[in-house]
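S.K.: This structure is in structure tokens; I'll ask about it shortly.
The values are calculated or read from the model by the stated rules, or taken from the named source; none is laboratory data. Note that the coordinates shown come from a computational prediction; the quantities given were computed from them, not determined experimentally. Every residue, glycine among them, receives a Cβ derived from its backbone with ideal geometry; neighbour counts consider all protein chains shown.
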Amino acid sequence: MKAVYAAWQRQLQCLMVMLGFALALPVQAATPERTVLVMGDSLSAAYNLAPEQGWVALLDRRLASEHPGWRVVNASISGETTAGGASRIAAELTRHSPAIVVIELGANDGLRGLPLEQTRANLERMITAAGEAGARVLLIGMRLPPNYGPQYTEGFERNYVELAQAHGTALLPFLLEPIAMEREAFQADNLHPVAEAQPRLLEHVWPALEPLLDTDKRSTP
């Protein structure tokens, strides 16, 4: 009986030593998931398409495949103006704590002929808010039809360029550039891209966005 008890004691001591080693090992914290927040209008909200067909949903799938640990939150709303985006961004930043913010707004301002200064001020508010929250920004611009006149259309495009330069943000000057001259790439309204065009929009956005994934302010050494 004493021999059995002694053997049991030795086993218990070994277990205690092993537990001590285990507790002494450093705890490896799980890498937190990082977020790309997209603040856009119908062009990013997959207007008249299934949500999973839009370029933003395709971006989410690409990140899962090529950059694990990243996710996309699509806060885009069809019909959104820069004023709407500026009014919502603080709440979206608080809710999602994004590492990157993609701002794709302004088209509805332009189509309504809203003052360029107003559009610029709203976009600047969004860029500033994102920066103060520690996020990098990709600003995605738009272009207007020539019937709005050269002064307005040129000033509209210049807003994006000058804001990106002033704030050091990444810039994609024109979201629809790869498909702009292809009627079959658009729905019947000639404004919103069809599902088949969405992968091309993603391929257009990707080179501007991907570098931010490796250099975002929230990344750790």
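S.K.: Is it fair to say residue 135 is touching a helix residue (DSSP H, G or I) at 6+ places or on another chain (Cβ under 9 Å), closer than 20 Å to residue 43 by Cα and of a type in the set (Gly, Ala, Ser)?
M.R.: It is false that residue 135 is touching a helix residue (DSSP H, G or I) at 6+ places or on another chain (Cβ under 9 Å), closer than 20 Å to residue 43 by Cα and of a type in the set (Gly, Ala, Ser).
Rundown of residues vs (1) among the basic types (Lys, Arg); (2) within 23 Å of residue 117 (Cβ to Cβ); (3) modelled with pLDDT under 95, yes/no style:
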position	(1), (2), (3)
144	no, yes, no
149	no, yes, no
157	no, yes, no
166	no, yes, no
173	no, yes, no
177	no, no, no
183	yes, no, no
186	no, no, no
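S.K.: Among the residues of the range 160-180, is there at least one that is free of Cβ contacts under 8 Å to residues at least 40 places away in the same chain and among the aromatic types (Phe, Trp, Tyr)?
M.R.: Within the range 160-180 (the criterion being free of Cβ contacts under 8 Å to residues at least 40 places away in the same chain and among the aromatic types (Phe, Trp, Tyr)), the answer is yes, since at least one residue qualifies.
S.K.: Within the range 42-82, count every residue that is closer than 22 Å to residue 141 by Cα, free of Cβ contacts under 8 Å to residues at least 40 places away in the same chain and of a type in the set (S, T, N, Q).
M.R.: Matching residues across the range 42-82 total 3.
S.K.: Okay, next question. Restricting the search to the range 47-101, which residues are more than 30 Å from residue 115 (Cα to Cα) and acidic (Asp, Glu)?
M.R.: 52, 60, 66
S.K.: On the given criteria, is residue 34 at pLDDT 95 or above and either buried (at least 19 other Cβ atoms within 10 Å of the Cβ) or more than 17 Å from residue 140 (Cβ to Cβ) (or both)?
M.R.: Yes, satisfied.
S.K.: Among the residues of the range 198-206, are any more than 21 Å from residue 73 (Cα to Cα) and aliphatic (A, V, I, L, M)?
M.R.: Taking every residue of the range 198-206 in turn, none turns out to be more than 21 Å from residue 73 (Cα to Cα) and aliphatic (A, V, I, L, M).
S.K.: Got a sec? Which strands (runs of 3 or more DSSP E) wholly within the range 42-147 have at least 3 residues that are touching a Cys at 6+ places or on another chain (Cβ under 8 Å)?
M.R.: The strands (runs of 3 or more DSSP E) meeting that bar number zero.
S.K.: Further question: Out of 80, 92, I need the residue that is charged (D, E, K, R) and surrounded by fewer than 22 Cβ atoms within 10 Å (Cβ to Cβ). Which one?
M.R.: Values: 80 fails: surrounded by fewer than 22 Cβ atoms within 10 Å (Cβ to Cβ).
Testing whether each residue is charged (D, E, K, R) and surrounded by fewer than 22 Cβ atoms within 10 Å (Cβ to Cβ) leaves just 92.
S.K.: Regarding the range 105-125, can at least one residue be identified that is in contact (Cβ under 8 Å) with a residue 40 or more places away in the chain, over 15 Å from residue 38 (Cβ atoms) and exposed (fewer than 15 other Cβ atoms within 10 Å of the Cβ)?
M.R.: no
S.K.: Name every residue in the range 138-155 that is crowded, with 23+ Cβ neighbours inside 10 Å and of a type in the set (Val, Ile, Thr), in order of residue number.
M.R.: 140
S.K.: Follow-up question, since we're still on this one. Quick one: is residue 161 of a type in the set (Val, Ile, Thr), touching a helix residue (DSSP H, G or I) at 6+ places or on another chain (Cβ under 7 Å) and modelled with pLDDT of 95 or more?
M.R.: On the way: of a type in the set (Val, Ile, Thr): yes; touching a helix residue (DSSP H, G or I) at 6+ places or on another chain (Cβ under 7 Å): no; modelled with pLDDT of 95 or more: yes.
Answer is no for this residue.
S.K.: Considering only residues that are crowded, with 17+ Cβ neighbours inside 10 Å and among the β-branched types (Val, Ile, Thr), which ones fall in the range 156-208?
M.R.: 169, 179, 205, listed by residue number.
S.K.: Within the range 137-159, how many residues are touching a strand residue (DSSP E or B) at 6+ places or on another chain (Cβ under 6 Å) and within 12 Å of residue 106 (Cβ to Cβ)? Give the derivation first.
M.R.: At the first step, the residues of the range 137-159 found to be touching a strand residue (DSSP E or B) at 6+ places or on another chain (Cβ under 6 Å) are 137-140.
Remaining after also requiring within 12 Å of residue 106 (Cβ to Cβ): 139-140.
Residues that pass the stated criteria total 2.
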